[in-house]
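Below is one structure, written out as structure tokens; comments come after it.
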Ligand SMILES: N[C@@H](CCC(=O)N[C@@H](CS)C(=O)NCC(=O)O)C(=O)O
């Protein structure tokens, strides 16, 4: 009896083995092709947008570059796939991209039934409304009957309906997939209101409005929009790599390590810094990476504060709740040990 059961277990193990052997890990696949394929926004200032030389810039882009730095010790080993809100999840599910880093809100549905894992939060946001100043609107509560421009496949569309229903108001949605076209519609006056994440409103007003002062962002923030990088279900090691790369950006800021100082500080006696730069411990190895993974992230891309200041500060963003927890914000990395 025992022999039969053992034999049965062995044949089961044998049957399962070819599958396991055939399935290449994400890390192995990324290393084999030589770059990280990263899904980004089609063009949102401060988050991901090509500059005049065609170089992608923004905090979401820098997260992709940081993953490349962690994996390859080279932040340039990354390619970008611009995706609309509606295209993004299919692109990740189908394997067209290895990571999606595109102002995407962490929700229960996306994290479960869409087959995805959120690696954390790179920017805590909330949804708001922008209106032309000349309408004289002071509060979202005055928007009853308004025509509202919105992009499909977003949490924005869902929150918009909830908010108007909850406040006993009606609205006429103008739903347009492409960012360029939805903005053209709003700036041409085809809608009274443009709604998206407040970060999107600030970025769009600063970078696309013919005259930014002609538009006001209303005071109401109607939702929670924790934005962060996403991977597919099914490869925990890759999930860990993206998650800890994001944490490394935060931890570096907390430890006072920046792209400018990390080489000098690498010899610091501080045990947390020693572990961070890979002088002690085997954190990199545990992730399947070089022990200098986090050192490379900061040396080549910077810490979270540097990335924020380079990309978002010039557009008028302040740190607010995106400050480190030690400065009264929500940004907090678990211990790298
Ligand atoms: N955070 C929301 C909204 C994300 C979103 O797609 N926002 C629009 C408006 S700012 C956008 O980024 N559009 C750019 C594009 O379609 O490329 C979500 O995850 O659903």
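Computed from the coordinates by the stated procedures, all read-outs in this text should not be read as laboratory data. Nothing here was measured: the structure is a model prediction, and the numbers come from that model. Ideal geometry is used to build each Cβ from the backbone, glycine not excepted, and the neighbour counts take in all protein chains shown.
So the values come out like this:
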quantity: Average Cα contact separation per residue, the chain, under 8 Å, 6 or more apart, as relative contact order %; calculated: 22 percent
quantity: Of all DSSP beta bridges in the stretch 14-162, antiparallel share, percent nearest 5; calculated: 25 percent
quantity: 13 Å cut-off, amide nitrogen to a point 7 angstrom out along residue 28 Cα→Cβ, residues in the stretch 269-306; calculated: none
quantity: Exposure proxy ranking, count of Cβ atoms within 10 Å, fewest first, for 236, 282, 290, 60; calculated: 282, 236, 290, 60
quantity: Residue order, fewest to most beta carbons within 10 Å, for 59, 222; calculated: 222, 59
quantity: DSSP bridge orientation in the chain - percent antiparallel, rounded to nearest 5; calculated: 55 percent
quantity: Distance between the stretch 261-337 and the stretch 46-123 - C-alpha centres, whole angstrom; calculated: 19 Å
quantity: DSSP beta bridges in the stretch 127-223 [antiparallel fraction, %, rounded to 5]; calculated: 50 percent
quantity: Debye log10 I(q)/I(0) for the stretch 127-223, one point scatterer per Cα, at q = 0.16, 0.22 Å⁻¹; calculated: -0.57, -1.17
quantity: Over the chain - Rg/Rh using Cα atoms and the Kirkwood inverse-distance radius; calculated: 1.04
quantity: Sorted by Cβ neighbour density within 10 Å, fewest at the top, the residues 64, 191, 38; calculated: 191, 38, 64
quantity: Model label zone, residue 270; criterion: amide N under 19 Å from point 7 Å along Cα-to-beta-carbon; scope the stretch 236-263; calculated: 245-263
quantity: Burial order of peptide ranges 122-128, 209-215, 104-110 (average beta-carbon count within 10 Å, highest first); calculated: 122-128, 104-110, 209-215
quantity: Projected-area mean, the stretch 178-337, by convex hull of Cα positions, square nanometres; calculated: 11.9 nm²
